[in-house]
1. Can you tell me which of Ala203, Ala188, Ala166 is modelled with pLDDT under 80 and among the small types (Gly, Ala, Ser)?
2. Mind checking whether some residue in region 46-58 is free of Cβ contacts under 8 Å to residues at least 24 places away in the same chain and on the phi > 0 side of the Ramachandran plot?
3. Quick one: which of Leu190, Leu196, Leu177, Leu208 is surrounded by 11 or more Cβ atoms within 10 Å (Cβ to Cβ), touching a helix residue (DSSP H, G or I) at 6+ places or on another chain (Cβ under 9 Å) and outside any helix (DSSP H, G or I)?
4. Of all residues being in contact with a His (Cβ under 6 Å, 6 or more places away or on another chain) and of a type in the set (A, V, I, L, M) in region 254-272, which is surrounded by the most Cβ atoms within 10 Å (Cβ to Cβ)? Just the residue, please.
5. Being closer than 16 Å to Arg236 by Cβ and in contact with a Pro (Cβ under 6 Å, 6 or more places away or on another chain) is the filter; apply it to region 345-382 and report the residue that is modelled with the lowest pLDDT.
6. State all residues of region 284-335 that are under 18 Å from Thr354 (Cα atoms) and in a loop (DSSP other than H, G, I, E, B); if no residue qualifies, say none.
Amino acid sequence: MESRTTPESPLPVEDLQRQAVLDALSVQIAVLDASGRIVEVNESWRRFARENGADPGLEQGIGLSYLDACHFDGDDDPEGYGEKTQAGILAVLAGRQPAFSLEYPCHAPDQPRWFMVTVTSLGKGLDGAVVAHLDISPRVLAEQESRNRREEMARAARLNSVTVLAGSLVHELAQPLAAASLYSDSLATLARQQPLDSSRMLAAVDDLRTQVARAEAIVGGLRRFMRRGELRTEPRQLDKPIRDALELVMPLARRKSTRLEVTLPPIPIPVLINPLQIEQVMVNLLCNAIEAMDRFGSTERIVRVLVKSDTREARITVSDTGPGLSPVWADRIFEVFETENETGMGMGLAISRTIVEAHEGRLWAEVGTAGAVLHFTLPLHDVEDSR
């Protein structure tokens, strides 16, 4: 069957129709032959090349090697997007995989931009591939804005936790500072005595350093907890953020006559987490338990932390000997601005659930138990898969 042509063009009607379809698409498209050379581009490709001052040869594209175009200077492509794209195209052209996709930045002088490149085999016995570039800037910017809002809310929730801890931390700081002042006075007294007793002076210096280090540790823990942190995960042992949270909350527990008990498994649990944010979740759950027992005047005040794991996830349980959760509040405590605590902001548990879910875990409360019981889970980190 012969291909038909039109008076306006010597090209077959089928080719004109195919080109019209390509030109109607908003994504930038290049069709490659089996060797990776461009055999066809669409109008969006040509327009993007013109608007960005590309070489006229690239605007038309026909005959150029797309694989060669993937090579960039190392300083211009530190993440190796060009090399990854080239490898993906070669894999599709060789039939090792049917498709490939990659998101990459391509910022303009006046605005940030991100694109997704997809490479799809022509299929049906045809050699070659279709390369498409889609502008995903609106989605990426929306995700960044959402992430920034989440981080700001998380920081506000941390500041609220610090407000709860403030009185206890001030009291905790007063002890090493008072001791440091006492040792300073002792040093001054020893320095005036003749003959000088160097051994007693050195002992006083060591005691002074110990108390200063204790005060610095308290302030350092508070500063670490208050700092702004993005959700960047890293391999960690789960016990570290839990112990850090317990240490930060310990002054409040002592002030409220509460005993903290923690049960950790003998074998460390590897997780992929943002340590600061998991510490924040723990601090919130611990402070809530301590404040609830104090608010209701519980005679026995114990907060228990139980950590265990199975083959897929770790589960952290925080329980107390307080009044427990009513069915009405159990459904509402994870909503923003819902709280039984008159001095709270009602953000802590909502932010905690957001943090846990961002780590692909779950946070929930039990109902009908003697005392409040909250659980959250975190997926285990497979060390072998990360190599």
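1. So the residue among Ala203, Ala188, Ala166 that is modelled with pLDDT under 80 and among the small types (Gly, Ala, Ser) is Ala166.
2. yes
3. Leu196
4. This residue is Val271.
5. His381
6. Asp331, Arg332, Ile333, Phe334, Glu335
The values are calculated or read from the model by the stated rules, or taken from the named source; none is laboratory data. Because the structure is a prediction, the values reported are computed rather than measured. Every residue, glycine among them, receives a Cβ derived from its backbone with ideal geometry; neighbour counts consider all protein chains shown.
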